[in-house]
Each structure stands twice: as C-alpha cells, then as structure tokens.
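What follows draws every value from the coordinates through simple rules; no lab data is involved. Bear in mind that the values here come from a model prediction, so they are computed numbers and not experimental data. Here the Cβ positions follow ideal geometry from the backbone for every residue, glycine too, while neighbour counts run over all protein chains shown.
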C-alpha cells in the first residue's frame, strides 16, 4: 500500500479536470488530513484556489462548492476511492475503499521516489569537530542531526555523500600543540610514548581535553587586567604559521595530534551509528592551492574588492548590499586580511566551490578507516601517489547538486556570505545550491549536571539549563554522556529482565541509551535550545526514544507469540499449516464483505486510522526532507508509536475469536510494526528484542 502513489493519482485527476473544465493548469496542490477519520481519509481545498484563478481570468464567478462538485466525478473513477463528499464551503473529502486497500498490505511499501527528477548527488557535511580534543554534547547534536538527515534523504531515494570537515590547521589544534610543546615540554616521540601508555579511562582525546583547558590559563599568565599575555599569544601564531607551512617538526606533531583525535572522535560517533564517506582536511585545501584558485575566480568575476581606506583598508572584501553592515558582522565580509592571511570564510568558499564541482581542482585520497561491514571512510591527502588497497574502489567525491552544511546558528552570517559568494562566482548554481542547516546549542539541566558530577552553585541550580564552555573546561564529553546513559539503561534492563545473559543485557542497554539520546536531540526543532536531562530522555513514558522502541518491541512480541501458537497447533494436529501472516492474508483476500463490516463503525474507524497513519511514513519523510527538519519525522514516529499502543490495549489480537477480525488485526499490526521500525531506523534508532 503506497499512499503517496495513490495521492499522486488523485492529484493527477484533479489537474486533468481543472484543465478540461476551467482551462487552468494547477502547479501546487495542497492536501490535508481531516481531523477525524469519519470525515474522510484525505481532503483537497483546491476549489478555493480555483475560484480565485477563474475570477482572475475574467471568467464567470463560481462558488468553491460548485467547483468542487464539478471536480468530484473524476475522483470517483479511481478504483481505490469508495466515495467523495463535498464538505463545508468547498472541500473535497476522499474516502478510500477500506477493504480493497487493506487487502493490498501484502505488497510491501517502498520509499517514494519522484521519477520526474533526474538522479543527482546531494552532499551533507556534518560533525566537523575541531580535532583538538574529545567530542562534547554539542557536537553530538550536530552529528545526530546530520546523520538523521542523511538517512531521510537516502530513504527519499537520493544519492548522498557524507562529509566531515577536519580543521586540522586551525587555532584550536595550534593551542593544543602549544600545550604539548610549551607546557608539557614534549616532542613528537614523547607524545607517541604518552599516547601508548594512556589508560582506557583517559584516552588521548580526553588528555587533550584537559590540556586544552590548561592552555587557556597558560595564555593568561602574566597578562595585564585579565587580558592574555601577548608574548605567549605569539607562540600560537608561530605554531599556526608552522602548521600552515607544513613539512616541519611542528607540523608533523600537529598532524599526529589531529589525526589521533579524529580517530577517537570516529570511535565516539560509531557508538551512535554515525559514519562518513569523506574526511576533508583543511591542510589539503591549503597545500593543494584550493584557496588560490578560488581567489583568482573571485577577482576575475568581481566578487571581491580591494579596500584602500576605512577600517578594512588593505583587505579583500565581499561587499554585498543586502548585508546589515553592522560592526558585529563586518569582519565576516573580509576574505583576505590586510596581512595577507585568508579568513575562514574565504577557505569555506573555496571548499564549497569544490563540493559543488566548480573549482577546477581536486584532492588526492586515501582510506582512513574500513568498518567490519565493508564501509570505508576516506580522507583527503596532498600526496599524489596515495593509493587504495588492492580491490578497493574509490568513490568519486565532490560534484554535488546541493550541499547541506550542518553548522550551529552562531555561524549563520558567515554561512550567508559563503552562500552568496559561491552564487556570485558561479551564478548558474544560485544560492539554493548551498543550504545552511543551523541549530541551537545543547545545554544540560541542573539535574543532569549533578548526575555527571559537575559542581553547581545555588544560583546555577535555579537556572533552567547550564551552558557549556570548552575553554573553561565546563563541558560533557560525548563518551561520558553515552556511558552514563548506558549505565542507567542497564540498571533498568536488569530490573525488568534479570534472566538475560550479560551480553544481551549490555546490547539492549546500548540500544536503549543511544535511542534515548538520538530521539531527545531530534524531537526538538533545530531552532530550539535543548536542556538535556537523563531522566526525561530515558523515560519509557511520554515523547521519548524508549517509548517508541517499546511500542515496536511490543509489536514484535505479538508475532513471536503468534508463531509459537501456530507451531503448537501444528504439532498437536500433526499437520503443516500456513503461518499466521499467510493465514491472515488468505482470509483478507477471500472475505471482502466481512472486511467491510469489520472496518465500519467506531471500532473500524480506530483500526483504519492506525493503518492510514502507518501508511503516511513516506509523506512524513518527504516533509522532513523538504524542510530539512528531522523533528517532523521524530514527531510522526512518536504519534505512530502512541497510536499502536492504544490499538494494542483495545484489541486482543491473539485472543480474538472472530477469524476475519483477527486477520485484520494481525495485518494492521504487522504493517504498523514494519513502518514504525523503518521510521526508527531513519532516526538512527534500533529496536532491541526485549525492553
């Protein structure tokens, strides 16, 4: 049963009728779901828009209700439609043939793909953590949003390339290098020796986390009035220049530090089921002269101008008139500073041009990590002779039609500069090719801080949430957060299922913990500030990941019992009969009139409502993809789980004595569990066997 396909046929009938009856071509057709199933399965308010169009053309004035009556016969010709009613001032309410549609449940639904569009590659860049220390909870929101959006795009039939930008030459990496060289007094060999001796409790990225905090205090020592010590800040500049130049001991040390942190970060993300196709490193953008190429293109096409006076004197600036011009954002327009160094915005424009296939240069590539299932994550390199292992085929990277950059909302203005800059260099791309998926910060509830051992003042305990600060050392490492969730989930599993083996307990606890974390980060729209709370996230009640997982687990348990019942029945009769699903399918196919009676009335409406909601997965997925808002799919998943739980409590599927009704309940439950499981997987959430 594919509701999107049926919906498209209905739209086609309306378009054909509008063209024939009123000589009007309809581009956009709005569909609505009536608030109650007895009012219909689908509603079209198209008559109201047609009334305006007819009047605009100078035709005879027509009431929307009259127009709807004229459109009605074309819709009634579609075989899956039982009847069409004109409601209110002119709504077209569609009632589906319930018996016919439910009999089609054996045809498994497929993700909807728009055959009218040519195949194209979409690119999503997410995570993009500075490789100077361990990932924290804010990074996890970025990664979960990006990964879920990738899954949504895949489900909608798109080819998607997943990138993780590695800023291995930036200030944050330079600061940790300063820490190793000037606080710890270590060279590269000493760092490698340290790395090999670290315990599992304090891995390399944790060590760098603590060192990064110490560097902030190191810079302030000897400063006046709380300002950093300028002599010590020179160390940062020296290290930055050495890293950017490459081929020197400092650059080698920095590369080791950044690479080890990236390896640890990938380990963290793997715990959440998050992977990448390409790690694009900033060092190659510099060493392969991507920026120089972009700079020439921008100058050739008049996108940037050299300033000879004012505060930006000596800089190359991109002066868009539509920008606010406020002091706060003035520096974001600077592409090249007066000292000749390129800004982050400039490098981002070069990288974006490459991603969209319009730079005219390419990286070299080498495998970075291969997972057990064969998935390979590649990394850029400046080494021309880099080769893949025998039998490993390198994908073609870059050349996307649309690039989605998952970056927090504080970077909205620089992202606007990038979008406008790229469109100015390559006008045929337009600004629509560069999409900023912004999101707000993640904080912690005071209760969560207490659970994680973060000391709070009495004043802090009264706040709705506590903000994190990496430089101040106030933050929550992602691995610590996941581990704490797993510990709490394990305690719940041990209470509910003490008979389980330790390995199965741990596996179940991991599924619950990651499901709780992912759902909590996804259920809020991207523009919402989140205050993470352990108790709220792990609750088995309310709008949570565990609640949705439990509904799917409950559905699966029904079919385990049905299978056990069928086996027992066959054993006692010494026969081989059909399984419960096959038996239900046969009854549904052969008893159409009984189906109609069962699906009628209040009880039938309730069963039908669940079936219709389950059938709208692809619609919810399409909405999430079009709006770049995974929260829409998360909300749909919760509503489906809640509807199934209500269905479960009101209908005793296994004990139902009416064979036809039992078959209907089995078919609807099976279809719903498949759709619910699919929706959860698109959110990156797995369903454990027991909860």
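Specify the angular offset, from 0 to 90 degrees and rounded to the nearest 10, of the alpha carbon long axis of helix 631-650 from the longest principal axis of the alpha carbons in the chain. Roughly 40 degrees between the two axes. The long axis of helix 3-22 is offset from the longest Cα principal axis of the chain by roughly 80 degrees.
Summary of the geometry: segment 625-662 and segment 170-235, compared by the centres of their Cα atoms, lie 53 Å apart. As a proxy for reagent exposure, 286, 633, 581 were ordered by neighbouring Cβ count within 10 angstrom, fewest first; the result is 581, 286, 633.
Put the Cα centre of segment 236-285 next to the Cα centre of segment 479-519 and the gap is 32 Å. Relative to the longest principal axis of the Cα atoms of the chain, the long axis of helix 249-271 lies at roughly 20 degrees. Given in Å, the Rg to one decimal and the Dmax to the nearest whole number for the Cα atoms of segment 540-649 are 17.6, 57. How high is the relative contact order of segment 3-96, given as a whole-number percent (alpha carbon pairs under 8 Å, six or more residues apart)? It comes to 26 percent, rounded to a whole number.
Run lengths n ≥ 4 of DSSP H only: what is the helix-derived mean residue ellipticity at 222 nm for the chain, with -39500 (n - 2.57) per run over all residues, to the nearest 500? Only helices count here, giving -16500 deg cm²/dmol. Computing FRET efficiency as 1/(1 + (r/R0)^6) for residue 338 and residue 525, where r is the C-beta to C-beta distance and R0 is 35 Å, gives about 0.30. Out of all DSSP beta bridges with both ends in the chain, state the antiparallel percent to the nearest 5. Bridges in the chain are about 50 percent antiparallel. Were the residues from residue 451 through residue 306 laid out at 0.36 nm apart, the gain over their Cα-Cα distance would be 46.8 nm.
Sort segment 168-320 into rounded, prolate or oblate with this rule: let a ≥ b ≥ c be the square roots of the eigenvalues of the Cα gyration tensor; rounded if a/c is under 1.5, and if a/c is not under 1.5, prolate when a/b is larger than b/c, oblate otherwise. Oblate, because a/c is 1.5 or more while a/b does not exceed b/c.
Provide the FRET efficiency to the nearest 0.05 for the residue 199-residue 502 pair, computing r from the beta carbons and using R0 = 30 Å. Working from the Cβ atoms, E equals 0.85. Peptides 523-535, 195-207 ordered by packing proxy, namely the average of other Cβ atoms within 10 Å per residue, highest first: 523-535, 195-207.
Among 42, 522, a tally of other beta-carbon atoms within 10 Å of each Cβ gives an order, fewest to most, of 42, 522.
Put simply, the C-alpha atoms of segment 443-538 give a gyration tensor, and the ellipsoid matching it has half-axes of 27, 15, 12 Å, longest first. For segment 443-538, the relative contact order works out to 35 percent when only alpha carbon pairs closer than 8 Å and six or more residues apart are counted. Label positions at residue 561 and residue 654, each projected 7 Å from the Cα along the C-beta direction, are separated by 0.3 nm.
Gap in Å between the Cα centre of segment 30-86 and the Cα centre of segment 133-156? Segment 133-156 and segment 30-86 have Cα centres separated by 41 Å. Given axes a ≥ b ≥ c from the Cα gyration tensor, I'd like to know whether segment 3-96 is rounded (a/c under 1.5), prolate (a/b larger than b/c) or oblate. Prolate, since a/c reaches 1.5 and a/b exceeds b/c.
Per-peptide packing, taken as the mean over residues of other Cβ atoms within 10 Å, places 611-617, 411-417 in the sequence 611-617, 411-417 from highest down. As a rough footprinting exposure proxy, the listed residues 218, 644 were ranked by other beta carbons within 10 Å of their own, and the order from fewest upward is 218, 644.
Please check which bits of segment 475-497 a label hung off residue 536 would reach, taking the label as a point 7 Å along Cα-to-C-beta and the cut-off as backbone N under 14 Å. Zone members listed by number: none at all.
Rounded to the nearest 0.05, the FRET efficiency derived from the C-beta distance between residue 409 and residue 597 at R0 = 51 Å is 0.40.
Structural descriptor for the chain: relative contact order 14 percent, calculated from alpha carbon pairs under 8 angstrom and at least 6 residues apart.
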